[in-house]
Amino acid sequence: MILITGGAYQGKTAYAQAHFPYAVTDGAVCEFDEAKDAKILTNYHVFVRRLMESGIDAEASTAALCKDNPECIVLLDEIGSGIIPLEKSERVWRETVGRAGCILAEYAHTVIRLVCGIPTALKGELL
Amino acid sequence: MMILVTGGSKCGKSRFAESLFSDIAGPKIYLATMQPYGEEAHSAIERHRKMRADKGFLTAEQYTDIDRAEIPAGSAVLLECMGNLLANEMFRDGQMNDCTDKIVSDILRLRQRMNLLVIVTNQVGSDDLDYDAGTAAYIAALGIINQKIAENADKVIECVYGIPVTVKR
């Protein structure tokens, strides 16, 4: 597994596609089942919110994804570095995305973070 | 020795900060700054207590004037967290106070008395949303405090999804 993270619009998808000629599965709209066959799974932070809205344990699902799709390239927006949201559901989502990110990062052999399109390897080597 | 640990929400800051104390033989103090209001605060406190269980920390609480915390000199202190300390100081009288310099000097005084001071802070300026004046002032103040403490710190670490990244060594 490879985890690619960073804020919104930092070039994560372009970076993934520049190194892997795979189709992209968009976690914001795909069926939940598609995740386990996805080669590049984008918008995982939105995927987490959709799981939560459907009453599914997003942390357990994330651990299951690592097991079921161990070669997946997961793209996750960093959303936890702003002000704590006023809405409780947004607070819980933001925290769950953080924990899901920790699960993915622990499992992944490579973790890349993009800032202004520039990749930094947080774990493993740059692609 | 002063170490600043920063990062976004639920990125493993506390776990990493606690790991810095595993070799400490003397007294270890967890210096909590969060006022326990509401159910989420209580569940966060409970979660952090569980994480610290068996790690040998004594808990002290100080919500403002952090250098006045009653902690024996020469202790190893884990201060958690700057975001709450700032909110408490900034809005302490129900009005907005300019307290960045005060907090930084309180911290530097506390550090002089301690063997080790590890400070957990937060990154809150990375969503680029429009906020009301109070929140905008809070974001600015935390950014300035973080910069001043980092300047004085021996080490600065940013946690990203559980991975500690050394920003200053």
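The values are calculated or read from the model by the stated rules, or taken from the named source; none is laboratory data. Because the structure is a prediction, the values reported are computed rather than measured. Cβ placement follows ideal geometry from the backbone for every residue including glycine, while neighbour counts extend to all protein chains displayed. Side chains included, ligands, DNA and RNA excluded: accessible areas come from the protein's heavy atoms. Shrake-Rupley method; radii C 1.70, N 1.55, O 1.52, S 1.80 Å.
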query = So, in segment A:54-69, of the ones that are of a type outside the set (Gly, Ala, Ser) and either modelled with pLDDT under 95 or not in a loop (DSSP other than H, G, I, E, B) (or both), which residue ends up nearest to residue A:35 (Cα to Cα)?
reply = A:65
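With A:105, A:121 as the choices, which residue is of a type in the set (A, V, I, L, M) and either open to solvent by less than 20 Å² (accessible area, probe 1.4 Å) or in a helix (DSSP H, G or I) (or both)?
Numbers: A:121 fails: either open to solvent by less than 20 Å² (accessible area, probe 1.4 Å) or in a helix (DSSP H, G or I) (or both).
Unique residue meeting the criteria: A:105.
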task = Can you confirm whether segment B:64-82 contains a residue that is more than 16 Å from residue B:116 (Cα to Cα) and assigned to a loop (DSSP other than H, G, I, E, B)?
result = yes
request  = Could you tell me whether segment A:108-116 includes any residue that is within 13 Å of chain B (Cβ to nearest Cβ) and free of Cβ contacts under 8 Å to residues at least 60 places away in the same chain?
outcome  = no
Of all residues in segment B:23-48 being among the small types (Gly, Ala, Ser) and surrounded by fewer than 13 Cβ atoms within 10 Å (Cβ to Cβ), the one that is farthest from residue B:114 (Cα to Cα) = B:38
request  = Check off (1) away from chain A (no Cβ under 14 Å); (2) assigned to a helix (DSSP H, G or I); (3) farther than 23 Å from residue B:7 by Cβ for residue B:89 and give me the number that stays unchecked.
outcome  = (3)
inquiry  = Taking the condition of being touching an Asp or Glu at 6+ places or on another chain (Cβ under 8 Å) and either modelled with pLDDT under 95 or at positive phi (or both), how many residues in segment B:61-95 meet it?
reply    = 1
key: Residues located in segment B:49-63, provided they are open to solvent by 30 Å² or more (accessible area, probe 1.4 Å) and outside any strand (DSSP E or B)   = B:49, B:50, B:51, B:53, B:54, B:55, B:56, B:62, B:63
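Specify which of the listed residues (A:41, A:51) is part of a strand (DSSP E or B), at pLDDT 95 or above, within 15 Å of the chain's Cα centre (by Cα) and not acidic (Asp, Glu). Reasoning before the result, please.
On the way: A:51 fails: part of a strand (DSSP E or B).
Residue meeting the stated conditions: A:41.
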key: Scan of segment A:70-92 for residues that are open to solvent by less than 40 Å² (accessible area, probe 1.4 Å) and either within 8 Å of chain B (Cβ to nearest Cβ) or not in a loop (DSSP other than H, G, I, E, B) (or both), ordered by number   = A:73, A:74, A:75, A:76, A:77, A:80, A:81, A:82, A:83
ask   = Any idea how many residues of segment B:6-21 are of a type in the set (A, V, I, L, M) and either within 14 Å of another protein chain (Cβ to nearest Cβ) or open to solvent by 10 Å² or more (accessible area, probe 1.4 Å) (or both)?
value = 1
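May I ask you to verify whether residue A:51 is touching a residue at least 24 places away in the same chain (Cβ under 8 Å), in contact with a helix residue (DSSP H, G or I) (Cβ under 7 Å, 6 or more places away or on another chain), more than 14 Å from chain B (Cβ to nearest Cβ) and aliphatic (A, V, I, L, M)? Give the derivation first.
On the way: touching a residue at least 24 places away in the same chain (Cβ under 8 Å): no; in contact with a helix residue (DSSP H, G or I) (Cβ under 7 Å, 6 or more places away or on another chain): yes; more than 14 Å from chain B (Cβ to nearest Cβ): yes; aliphatic (A, V, I, L, M): yes.
No, not satisfied.
Residues checked against (1) at pLDDT below 95; (2) within 18 Å of residue A:95 (Cα to Cα); (3) touching a helix residue (DSSP H, G or I) at 6+ places or on another chain (Cβ under 6 Å):
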position: B:7; (1), (2), (3): yes, yes, yes
position: B:10; (1), (2), (3): yes, yes, yes
position: B:21; (1), (2), (3): no, no, no
position: B:29; (1), (2), (3): no, no, no
position: B:43; (1), (2), (3): yes, yes, no
Hits in segment B:127-156 (condition: open to solvent by less than 50 Å² (accessible area, probe 1.4 Å) and away from chain A (no Cβ under 14 Å)) = B:145, B:149, B:150, B:153, B:156
message = Can you report the number of residues in segment A:24-69 which are of a type outside the set (Phe, Trp, Tyr), over 25 Å from residue B:12 (Cβ atoms) and open to solvent by 20 Å² or more (accessible area, probe 1.4 Å)?
response = 14
